[in-house]
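Colleague: This is the structure I want to talk about, given as structure tokens.
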Amino acid sequence: MSNGYCGRILRIDLTSGRISVETPDDAFYRAALGGRGLIAHYLLKDLAPGIDPLGPDNEFILATGVLTGAPVAGSGRSSIGAKSPLSGGYGDAEAGGYFGPELKRAGFDAVVIRGRAERPVYLWVHDGSAEIRDASHLWGRKAHDVQEAIRAELGDRGIRVAQCGPAGEKKVRFACVSNDVTHFYGRGGMGAVMGSKNLRAVAARGGAAYEPADPERLKEMARAMSRQIAENERGFTDLGTTGIVASLNAAGGLPTRNFRDGSFEGAAKIDGTTLRDTLLVGRETCYACAVRCKRVVEVKEGRGRYAVDPHYGGPEYETLAALGSLCGVDDLEAVCKANELCAAYVLDTISTGVAIAFAMESYEKGLLTKEDTDGLDLRFGNAEAMVEMVERIANRRGLGDLLAEGVARAAEELGPRARPLAMHVRRQEIPMHEPRLKMGLGVGYTVSPTGADHCHNIHDTMFVKRVDAVKPLGILETMPVDDLSPRKIRALKRFTDLRHTINSLGLCQFVGWDYNQQVELVRAATGWNTSLLELSLAGERAANLARVFNVREGLRAEDDRLPKRFFEGLGNGPIAGTKVNPRLAEEGKGEYYAMMGWDRTSGVPSRAKLAELGIEWAAAHLPREAAERGHPDRRPAPAGKGRRGTGAPRGKP
Ligand code: SF4
């Protein structure tokens, strides 16, 4: 087994209580790397087509990457994956913190959980073994309370806890999973999958050391990065991602009032500087990272309109925008309170904010009335109503029960006039980055494996003035934010392949490891004579496995589409009136498909591409009809034999 791995995957069946361990070979690890690569492999191989994401046949996978737990900055990351109850397709999410490294110290690279326990349980993974323990006493309790109860019960304060929270128990479709109560595997409803299995938490503790192939080289690189962080990353430590509020507002791309506007008159009241100068009481970090970009905020009881508990950290950029400008709310205390509630119930703040903004616009347009809101005046800018709606969504109370289904399903329920107000791609709510400012990112939203996502995506603003960071990928020219030509799509393709890779390595994108250093880290960790080409192919392999999974679940090219609002003029700000050209967006999507080796029209991966990536076996998972459309030189399947397998009908989860 290569260094950097434990060589052991834990398998749990919660229905039977069976616990087993697999020991994959070196070739498996080298092809998958870990994280997203590993999750995509297992979900495609293990799940039958068309299963209910909230049923016992779904898998809930916690996976570390090859660098997770290495003694270098940014190595605290790990992934969680499952068929998503939000999108109905491939789902995964990543988080920093300390849980991933601790899982490895406990002796496992990943935990694959299926089935459903009869009663609430939690999983206790320690020193190479695992037990399923009763969690009836933890059900319904908020995240910090549960974490402390598990630590007390097992008598060890060093235990790391990943958990789904009360929102996951109630199967809110965008419930997420947290670790250490402040680090979030945010997108795709992974918490709802966990809750559907009656699995409240996974606790990990172990004493095994990370053993790199070349410890001296790794130490040398860690020291060099510490110096780089001390010299260059002060600004990021100072404001973290919250600094983005001001910069995007200045550029006209701060999502405001359900993406109607790109500039928020109250931005200065909720931006990173104001947060730092008012409510910030500390900066936290992840395993082995000197950047310390995580915020901690507090409002003491009786000192403001809301008491805000510092145990739950503080808001990131996405949260300030989703629960602030997107809802027209300029009350920083209220946004921090809503952030605390999302952390306590374990809700994705992006989807929560988009759901509330959707409801506010529906209320403004008369599609929801005071009768629907139980008397709440749900207008944009009403901070109290925003905070109250977080509670209602988490507890599926009143209108909150409808919004807990996500904006796509809620709009279906409210009727045709509500559909244009539902801001999602493939049912995953749009993150806080505006496609009318970053047009390549808009195409990236449509082709993402998980539905709209900003992490495995390009941010066009990166390519406007300098492209030094991406020159090792062969991207040599600068390009404007509204460029949707093949050169921008080439940048999208090459950049996102490597984003899939970094999510498979278990490395944080906010630490400044350049591409060649990433290769060097993997070499030092594993002893492999690897290259940027091999790592990039691993990212592309993960994206293709996820694409095959989605096609098998019924994904069609017409589902890869932005909401209509982005084809209309932005309402205000420096780029008011700017719109995405639908023809160029569609052409860009086709170009991306073609560059990925997928059929330009249908987006179905070709057998040749799968073979190039060493995953020929995945072609057997393509429904025949889709495979035929991916190969126009082949005759269509005879009538009545159009699809192999039992892929879910479109429109069903
Ligand atoms: S840069 Fe920030 S998010 Fe990334 S590992 Fe460091 S502290 Fe965590």
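Colleague: Restricting to DSSP H runs of at least four residues, report the calculated mean residue ellipticity at 222 nm for the chain, -39500 (n - 2.57) per run over all residues, nearest 500 deg cm²/dmol.
Modeller: For the chain, the value works out to -11000 deg cm²/dmol.
Colleague: Please tell me the relative contact order of the chain in percent, rounded to the nearest whole number, where contacts are Cα pairs under 8 Å and at least six residues apart.
Modeller: Working: 1555 pairs, mean separation 102.7, N = 653.
It comes to 16 percent, rounded to a whole number.
Colleague: R0 = 45 Å: FRET efficiency of Phe28 with Arg305, Cβ-based, nearest 0.05?
Modeller: Plugging the Cβ-Cβ distance into 1/(1 + (r/R0)^6) gives 0.25.
Colleague: Another question, if that's okay. List the chymotrypsin sites (Phe, Trp or Tyr not before Pro) within region 425-534 that fall in a DSSP loop (any state other than H, G, I, E or B) and whose Cβ has at most 10 other Cβ atoms within 10 Å.
Modeller: On the way: sites: Tyr445, Phe463, Phe495, Phe510, Trp513, Tyr515, Trp528; in loops: Phe510, Trp513, Trp528.
Filter output for region 425-534: empty list.
Colleague: Lysine pairs in region 9-205 with alpha-carbon atoms under 16 Å apart, 8 or more places apart or on different chains: how many are there?
Modeller: On the way: Lys45/Lys83; Lys83/Lys171; Lys83/Lys197; Lys142/Lys170; Lys142/Lys171; Lys170/Lys197; Lys171/Lys197.
Lysine pairs, 8 or more places apart or on different chains, close enough: 7.
Colleague: At Asp145 and Ala224, where each label point lies 7 Å from the Cα along Cα→Cβ, what is the point-to-point distance in nanometres?
Modeller: 5.0 nm
Colleague: Local charge sum around Lys197 (other residues, Cβ-Cβ under 9 Å, Lys/Arg +1, Asp/Glu -1)?
Modeller: It works out to a net charge of +2.
Colleague: Same structure again: Please compute the per residue accessible area over region 392-503 with all protein chains in place, 1.4 Å probe, rounded to a whole number of Å².
Modeller: I get 31 Å² per residue for this part.
Colleague: What's the extension gain from Lys45 to Arg133 if we count 0.36 nm per residue and subtract their Cα-Cα distance?
Modeller: Length difference between fully extended and current span is 28.8 nm.
Colleague: Apply the a/c threshold of 1.5 to the C-alpha gyration tensor of region 174-311 and tell me whether it is rounded, prolate or oblate.
Modeller: In terms of gyration-tensor shape, oblate.
Colleague: So if I place +1 on the C-beta of Lys and Arg and -1 on the C-beta of Asp and Glu, and nothing else carries charge, what would the dipole magnitude of region 9-205 be about its Cα centre? I want it in debye, nearest 20.
Modeller: Here region 9-205 has a charge dipole of around 420 debye.
Colleague: May I ask you to list the trypsin sites (Lys or Arg not before Pro) in region 371-448 that are in a DSSP loop and have at most 15 other Cβ atoms within 10 Å of their Cβ?
Modeller: Values: sites: Arg379, Arg392, Arg396, Arg397, Arg409, Arg417, Arg426, Arg427, Arg436, Lys438; in loops: Arg379, Arg396, Arg397, Arg417, Arg426, Arg427, Arg436, Lys438.
When the trypsin sites (Lys or Arg not before Pro) of region 371-448 are filtered for loop state and at most 15 Cβ neighbours within 10 Å, Arg379, Arg397, Arg417 remain.
Colleague: Per the Cauchy relation, a quarter of the hull surface: what is the mean projected area of the convex hull of the alpha carbons in region 439-630, in nm²? Could you put the intermediate results ahead of the total?
Modeller: Details: hull surface 45.9 nm².
Averaging across all directions leaves 11.5 nm² for the Cα convex hull.
Colleague: Hey, what's region 20-135 come to in accessible area per residue, 1.4 Å probe, Å²? Numbers along the way, then the final one.
Modeller: Values: 2830 Å² over 116 residues.
Solvent-accessible surface per residue comes out at 24 Å².
Colleague: With Cβ to Cβ distances under 9 Å as the rule, what net charge do the other residues near Arg305 carry (K, R +1; D, E -1)?
Modeller: The answer is -2.
Colleague: Tell me, in nm to one decimal, what length is gained between Trp617 and Glu391 on full extension, where the rule is 0.36 nm per residue of separation less the Cα-Cα distance?
Modeller: 76.8 nm
Colleague: Give me the net charge for the shell around Gly474: Cβ to Cβ below 10 angstrom, other residues only, Lys and Arg +1, Asp and Glu -1. Can you show the working numbers first?
Modeller: Details: positive: Lys471, Arg490, Arg494; negative: none.
That sum, taken over residues with Cβ under 10 Å, equals +3.
Colleague: Now a separate question. Over region 439-630, with every protein chain in place, what whole percent of the accessible area is carbon and sulfur at 1.4 Å, could you tell me? Write down the numbers at each step before the final one.
Modeller: Details: 3490 of 6640 Å².
Carbon with sulfur: 53 percent of the solvent-accessible area.
Colleague: Compute the distance in nm between two label points, each set 7 Å from the Cα along the Cα-to-Cβ direction, one at Gln517 and one at Glu364.
Modeller: 4.3 nm
Colleague: Reachable aspartates and glutamates from Lys269, Cα under 13 Å, same-chain residues fewer than 8 places away excluded?
Modeller: Of all the aspartates and glutamates, those that pass the test against Lys269 - Cα under 13 Å, at least 8 places apart if same chain - are Asp277, Asp330, Asp331, Glu333.
Colleague: Exposed loop sites here are GluC sites (Glu not before Pro) in DSSP loop states with at most 10 other C-beta atoms within 10 Å. What is the longest stretch of the chain lacking them? Before the final figure, lay out the partial values.
Modeller: On the way: sites that count: Glu118, Glu301, Glu371, Glu477.
Counting only loop sites that pass the neighbour cut-off, the longest clear stretch is 119-300.
Colleague: What would the Debye equation give as log₁₀ I(q)/I(0) for the chain at q = 0.08 Å⁻¹, counting only Cα atoms as equal point scatterers?
Modeller: These q points yield log10 I(q)/I(0) values of -0.53.
Colleague: Can you list the equivalent-ellipsoid semi-axes of region 285-401, largest first and in whole Å, using the square root of 5 times each Cα gyration tensor eigenvalue?
Modeller: That gives 27, 14, 13 Å for the three semi-axes.
Colleague: If I stretch the segment between Thr601 and Val21 completely, what's the gain in nm (0.36 nm per residue apart, minus their alpha carbon distance), one decimal?
Modeller: Taking 0.36 nm per residue and subtracting the Cα distance, the gain is 204.6 nm.
Colleague: What is the set of long-range amide H partners of Arg160 at a cut-off below 5 Å, with H atoms built 1.01 Å from backbone N?
Modeller: Here the answer is Ala204, since their amide H atoms fall under 5 Å of that of Arg160.
Colleague: Note down, for region 266-307, the three equivalent ellipsoid semi-axes (square root of 5 times each alpha carbon gyration tensor eigenvalue), biggest first, whole angstrom.
Modeller: 23, 15, 6
Colleague: Okay, moving on. I'd like the carbon and sulfur percentage of the solvent accessible area for region 165-227, probe radius 1.4 Å, heavy atoms only, ligands and nucleic acids excluded. Could the numbers behind the result be given before it?
Modeller: Numbers: 870 of 1840 Å².
After summing per-atom areas, the C and S share lands at 47 percent.
Colleague: Related question: Evaluate 2.2 N^0.38 Å with N set to the residue count of region 82-205, then give the Cα radius of gyration divided by it.
Modeller: My calculation over the Cα atoms of region 82-205 gives 0.96.
The values are calculated or read from the model by the stated rules, or taken from the named source; none is laboratory data. Predicted model, so just to flag it, every value in this text is computed and none were measured. In this analysis, Cβ positions are derived from the backbone assuming ideal geometry, glycine residues included, and neighbour counts consider all displayed protein chains. SASA here: full protein model, heavy atoms, side chains in, ligands and nucleic acids out. Shrake-Rupley method; radii C 1.70, N 1.55, O 1.52, S 1.80 Å.
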